[in-house]
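Engineer: Here it is: the structure, laid out below.
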Amino acid sequence: MSETQPRPVDLLIEARWVVPVEPHGVVLEDHAVAVDGGRIVALLPVAAARAAYAPREAVHLAEHALIPGLVNAHTHNPMTLLRGLADDLPLMVWLQQHIWPAEAKVIGPEFVRDGVELAVAEMLRGGTTCANENYFFPDAIGATYRKLGFRAVVGLPVIEFPTAWAKSQDEYFERASEVHDSFRGDALVSTAFAPHAPYTVSDESFERIRLLADQLDIPVHLHLHETTHEVEEEKQKSGLRPFQRLQKLGLVNDRLIAVHMTQLTDGEIAACAEAGVSVVHCPESNLKLASGFCPAEKLRKAGVNLAIGTDGCASNNDLDMFGELRTAALLAKAVAQDAAAFDAASALRAATLGSAKAMGLDAQVGSIEAGKQADLAAVRLSDLETQPLFHVASQLAYAASRHQVSDVWIAGRRKLAARELVDMDIGATLARARSWRERIAMY
């Protein structure tokens, strides 16, 4: 092949704007992304791309911003089937008197499969291409993500009471090992330990998790400092704040994905930065359950990696990452009492590369860079709701909605085309969701 002959590639996406996220705050006009073998080959101006590449498929997005697929860093996606079941309640009442009893009646492989399928359809239509999953029956969850071609880190649950998934501490760990082994080397699905929270997990279990997480080289994903009640209860029980307890157990390190973190001292923020802890901000769930406010701007300024998650549909009640990153940006300004806090580019970064880093996937996804997986989303910015357009990043953060997501790719494979799901039977998905509604409403 001569130097002047274009290189064959699978896909060339030309966009009015490309927002690569890395470098930070950059918006490229009239650029193209070349994709081959599921990976990004190059990001370059459209004219240069046309000269350099001979694509098998070309996509022209004249009115769109092409962004990395959004990464939802904390979700309980089977709980999509519990959307709206128990609203307007504080966390412990919601959890202990409504959610756990309902789950006990219906939870099983079929429930989690159908809930994940409904969630994937919703996430794809909102530009989300990756999720950090935390729920029971991770074997069925992971198999569903794999079947649907959706990228996910699947949590290996640990909790101190019997559930339909496992009856004893030993069984939780045995089943965790089996599930981890079943997805070892999978192209889209990986695993993390998912101990529920300090108030439901013993020191002995945490010590086993620390040892195994190091051996298996996987993250530890848990709810932490979600409410004042949680912190005060632990102080009465052990004399320590939950974060201090995890420090004592050796779990405060760069594997820790700490979700919520609404109750933090300056010392704890500094410790997170020093140890490399990632904090997942779930602003809408925290607001709805009145759990408190994550000090996102303080964490960002301290150098802590910030990620964004929706939490589950039983406490949000959607999987809308555009809504979440907007709420995160606005709430951070109010909490910091600083209108410049957590700007649009920072919010978009947290919802993409920050979330990917928390999950240990930042070498693969989260930004549009050569060598990374081609997980991409196109957002149409020509709608009247996003006109006139002065600043692309601001429009994405403060004006655009998930309904403007037109096209989505995961590992270079089209998953959404002109707002239509490519390889999912949405009618069957909806029918199963409605069937679960009838079953759940009986209890």
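Engineer: From the P(r) of region 169-290, can you give the percent of Cα pairs sitting at distances over 25 Å?
Structural biologist: In whole percent, the share of Cα-Cα pairs in region 169-290 beyond 25 Å is 25.
Engineer: For the chain, what is the calculated [θ] at 222 nm in deg cm²/dmol (nearest 500), taking -39500 (n - 2.57) for each run of four or more DSSP H residues and dividing by its residue count? Please list the in-between numbers first.
Structural biologist: Details: 17 runs with 164 residues, N = 443.
It comes out at -10500 deg cm²/dmol, rounded to the nearest 500.
Engineer: With +1 assigned to the C-beta of every Lys and Arg and -1 to the C-beta of every Asp and Glu, and no other charges, what is the dipole magnitude of the chain about the Cα centre in debye, to the nearest 20?
Structural biologist: It comes to approximately 400 debye.
Engineer: Ratio to report: Rg/Rh of region 1-57, with Cα atoms as the point set and Rh obtained by the Kirkwood method; give two decimals.
Structural biologist: 1.00
Engineer: I would also like to ask the following. Output ³J(HN,Hα) for region 26-34: one whole-Hz value per residue in order, computed from phi by the Karplus curve 6.51 cos²θ - 1.76 cosθ + 1.60 with θ = phi - 60°, and x for Gly and Pro.
Structural biologist: Each residue of region 26-34 in turn: 7, 10, 9, 8, 6, 10, 10, 10, 9 Hz.
Engineer: What percentage of the solvent-accessible surface of the chain, computed with a 1.4 Å probe over protein heavy atoms, is contributed by carbon and sulfur atoms?
Structural biologist: Reported share for carbon and sulfur atoms: 51 percent.
Engineer: Once you've got the Cα coordinates, tell me which of LYS167/LYS237; LYS105/LYS248; LYS147/LYS357; LYS288/LYS357; LYS298/LYS357 are over 30 Å apart.
Structural biologist: LYS105/LYS248
Engineer: May I pose another question? How far, in degrees from 0 to 90, does helix 169-182 lean away from the longest principal axis of the Cα atoms of the chain, to the nearest 10?
Structural biologist: Between helix and principal axis, roughly 20 degrees.
Engineer: Also: Note the direction-averaged projected area, equal to a quarter of the hull surface, for the Cα convex hull of region 94-142, in nm².
Structural biologist: On the way: hull surface 15.5 nm².
Averaged projected area of region 94-142's Cα convex hull equals 3.9 nm².
Engineer: Something else now. Measuring with a 1.4 Å probe in the full set of protein chains, what accessible area per residue, in whole Å², belongs to region 211-297?
Structural biologist: 38
Engineer: Between GLU178 and ILE440, how high is the FRET efficiency from 1/(1 + (r/R0)^6) when r is the Cβ-Cβ distance and R₀ = 35 Å? Nearest 0.05. Don't jump to the answer; show the numbers that get you there.
Structural biologist: Details: r = 29 Å, r/R0 = 0.83.
The value I calculate is 0.75.
Engineer: Could you order the peptides 125-136, 375-386 from most to least packed, using the average number of other C-beta atoms within 10 Å per residue?
Structural biologist: Ranking, from highest mean packing down: 125-136, 375-386.
Engineer: Then there is this: How big, in percent, is the set of alpha carbon pairs in region 225-355 lying more than 20 Å apart?
Structural biologist: That fraction is 42 percent.
Engineer: Follow-up. Which FRET efficiency value, to the nearest 0.05, is calculated for LEU330 and LEU89 with the Förster distance at 30 angstrom and r the Cβ-Cβ distance?
Structural biologist: Taking R0 as 30 Å, the efficiency between LEU330 and LEU89 is 0.80.
Engineer: Could you name the aspartates and glutamates in cross-link range of LYS372, using Cα to Cα under 18 Å and dropping any fewer than eight places away on the same chain?
Structural biologist: The qualifying aspartates and glutamates are ASP10, GLU14, GLU22, ASP36, ASP186, ASP362.
Engineer: FRET efficiency for GLN247 and GLN215, Cβ-Cβ distance as r, R0 = 30 Å, nearest 0.05?
Structural biologist: Approximately 0.90, to the nearest 0.05.
Engineer: To continue, here is another question. Nearest 10 degrees, 0 to 90: what angle lies between the long axis of helix 426-441 and the longest principal axis of the chain (Cα atoms)?
Structural biologist: Tilt of helix 426-441: around 20 degrees.
Engineer: Strictly greater than 16 Å: what percent of every Cα pair in region 1-98 meets that?
Structural biologist: 67
Engineer: Which values, in whole Å and largest first, are the semi-axes of the equivalent ellipsoid of region 105-244 obtained as the square root of 5 times each eigenvalue of the Cα gyration tensor?
Structural biologist: After scaling each eigenvalue by five and taking roots: 27, 17, 15 Å.
Engineer: Given contacts defined as C-alpha pairs under 8 Å and at least six residues apart, what's the relative contact order of the chain, whole-number percent?
Structural biologist: Contact order relative to length: 21 percent.
Engineer: Could you tell me which label, among [x] 70, 47, 43; [y] 85, 48, 44; [z] 54, 53, 44, carries the value of Cα extents along the principal axes in Å calculated for this structure?
Structural biologist: Computed from the coordinates, Cα extents along the principal axes in Å corresponds to [x].
Engineer: Projected area of region 214-280, taken from the Cα convex hull and averaged over every viewing direction, in nm²? Show your work: numbers first, answer last.
Structural biologist: On the way: hull surface 17.5 nm².
Its average projected convex-hull area is 4.4 nm².
Engineer: Given H placed 1.01 Å from N in the peptide plane, which residues other than close sequence neighbours of LEU70 have an amide H under 5 Å from its amide H?
Structural biologist: Here the answer is THR128, THR129, since their amide H atoms fall under 5 Å of that of LEU70.
Engineer: Still on this model: Tell me, in nm to one decimal, what length is gained between LYS105 and HIS229 on full extension, where the rule is 0.36 nm per residue of separation less the Cα-Cα distance?
Structural biologist: On the way: separation 124, 0.36 × 124 = 44.64 nm, distance 2.76 nm.
Once the chain is fully extended between LYS105 and HIS229, it gains 41.9 nm.
Engineer: Under unit Cβ charges (Lys, Arg +1; Asp, Glu -1), what dipole magnitude, rounded to 20 debye, does region 134-250 have relative to its Cα centre?
Structural biologist: Charge dipole of region 134-250: 300 debye, to the nearest 20.
Engineer: Just the projected area, averaged over all directions, of the convex hull on the alpha carbon atoms of region 291-437: how many nm²?
Structural biologist: Across all orientations, region 291-437 yields a mean hull projection of 11.0 nm².
Engineer: What accessible area per residue comes out for region 332-443, rounded to a whole number of Å², with a 1.4 Å probe?
Structural biologist: Per-residue accessible area for region 332-443 comes out at 45 Å².
Engineer: If one takes the longest principal axis of the Cα atoms in the chain, at what angle in degrees, from 0 to 90 and to the nearest 10, does the Cα axis of helix 138-148 lie?
Structural biologist: 10
Engineer: Right, another one. If you bin every alpha carbon distance in region 141-201 into 10 Å steps from zero, what whole percent lands in each bin?
Structural biologist: Pairs per bin, as whole percents: 23, 48, 26, 3.
The values are calculated or read from the model by the stated rules, or taken from the named source; none is laboratory data. For clarity, every value in this text was computed on a predicted model and none was experimentally measured. Glycine gets a Cβ as well: all are built from the backbone with ideal geometry, and neighbour counts include every protein chain shown. Surface accessibility is based on the protein's heavy atoms, side chains included, excluding ligands, DNA and RNA. Shrake-Rupley method; radii C 1.70, N 1.55, O 1.52, S 1.80 Å.
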